[in-house]
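Each remark here refers to the structure printed beneath this line.
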Amino acid sequence: MTNVQQKLFETGIIPVVVIDDVKDAVPLAKALYEGGIKAAEVTFRTEAAADAIKAMSEAFPDMLVGAGTVLTPAQADKAKANGAQFIVSPGLNPIVVRHCQEIGIEIVPGVSSASEIEQAMSLGLDTLKFFPAEAAGGIPMLKSLCAPYKNVKFMPTGGLNPKNFTDYLALDCVFCAGGGFVADTKLVKEGNFEKIKEIAKETVRTMHGFKVVHVGINAGDADNAYAIAKMFAPFCLDISKDNEGGMFLNKDIEIMKKPWYGEKGHIAIACNNIKRAEAYCKSMGVKFIEESKNIDAKGNYKAVYVDGDIAGFSVHLMQA
């Protein structure tokens, strides 16, 4: 992935926003940013789009701001000149694609058929917008399109909502998703940026799906581990898994047989996508122990420990 593609992946949900008045640009960017979403696609459906992109980019330099609904080379030029870092278009126009490639700005054009995907591939593209997602067949259609094109990644947009966007993001072929629901045009016009901030926060929570799944106890050695396990027997917490490093009581408690991370033990927090969750946590100031990463024989990233304890417990992320 390129740097822009990586940022889009890490952000996960990309708010698709319509701004009629440039005065709303910075307050909107602030609401999204403070809500945990540091990216936005500003659509070129209004005269204020280019100025809005400039205002947002200048106010929040580390925010990934792109231009959407770009239909012509002239619009692409205007978007880039005002600070857009990527271009999104509703369809696949080879003229616009080649122009963006010539001026050095990434473009994610829209497709909804195998023929369009192959045409995009012939232009050297491997990240595409699946649009209009729900109207074009939704997840079943996207799964069918993904099957023969293993190296192509998609940004589904159109009809996504708080109830279905995580289903799209769960697909291996999806690297991010566009969502107009995060910053509804009506809320922007009303100036209700606090509500947009709340929606952004809830969207981030839903996207990551953080959930405590078990607690680990550092027993020090095997004998002490088995002794601790017996203490939980009256609560119907039986040994369900036992290996050299530790044991599980059902799936709720892990007892370590040898010294491990954390003074007292650890807390395991599952998430929907560990790569995306790690990037989000890092953006919030969390540091991780790189050597603690658990990657299986197939290259699947399974877990990583946070650098530092919380009340004597280490915390580790794990793939749900």
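If the condition is being aliphatic (A, V, I, L, M) and under 19 Å from residue 160 (Cα atoms), then the stretch 1-43 contributes 8, 13, 14, 16, 17, 18, 32, 37, 39, 40, 42.
Scanning the stretch 64-95 for residues that are surrounded by 21 or more Cβ atoms within 10 Å (Cβ to Cβ) and either among the β-branched types (Val, Ile, Thr) or assigned to a loop (DSSP other than H, G, I, E, B) (or both) yields a count of 6. For residue 184, the requirement of being among the charged types (D, E, K, R) and under 19 Å from the mean Cα position of the chain (by Cα) is not met. Out of the residues in the stretch 96-106 meeting the condition of being buried (at least 20 other Cβ atoms within 10 Å of the Cβ) and in contact with a Leu (Cβ under 8 Å, 6 or more places away or on another chain), tell me which one is farthest from residue 49 (Cα to Cα). Taking the candidates together, the pick is 97.
Kindly indicate whether residue 167 is outside the structural domain of residue 12 (by TED's automatic domain parsing) and either assigned to a helix (DSSP H, G or I) or within 21 Å of residue 15 (Cβ to Cβ) (or both). Taking the combined requirement at face value, the residue does not satisfy it.
When the stretch 1-31 is filtered for residues that are buried (at least 16 other Cβ atoms within 10 Å of the Cβ) and not in a helix (DSSP H, G or I), the ones remaining, listed by number, are 12, 13, 14, 15, 16, 17, 18, 19. Quickly run through the stretch 96-128 and pick out the residues that are part of a loop (DSSP other than H, G, I, E, B), closer than 23 Å to residue 45 by Cβ and of a type in the set (A, V, I, L, M). Once the filter is applied, which keeps residues that are part of a loop (DSSP other than H, G, I, E, B), closer than 23 Å to residue 45 by Cβ and of a type in the set (A, V, I, L, M), the stretch 96-128 yields only 105. Set side by side, the residues 106, 116 differ, and just one is out of contact with any helix residue (DSSP H, G or I) (no Cβ under 9 Å at 6 or more places or on another chain) and either in contact (Cβ under 8 Å) with a residue 24 or more places away in the chain or under 19 Å from residue 8 (Cβ atoms) (or both), which is 116. Among residues that are part of a strand (DSSP E or B), without any contact (Cβ under 8 Å) to a residue 12 or more places away in the chain and among the hydroxyl-bearing types (Ser, Thr, Tyr), residue 314 is not included.
Considering 120, 177, 133, 183, the condition of being within 23 Å of residue 104 (Cβ to Cβ), in contact with a strand residue (DSSP E or B) (Cβ under 6 Å, 6 or more places away or on another chain), at pLDDT 95 or above and among the small types (Gly, Ala, Ser) is satisfied by 120 alone.
The values are calculated or read from the model by the stated rules, or taken from the named source; none is laboratory data. Note that the coordinates shown come from a computational prediction; the quantities given were computed from them, not determined experimentally. Cβ sites come from the backbone with ideal geometry, for glycine too, and all protein chains shown count toward neighbours.
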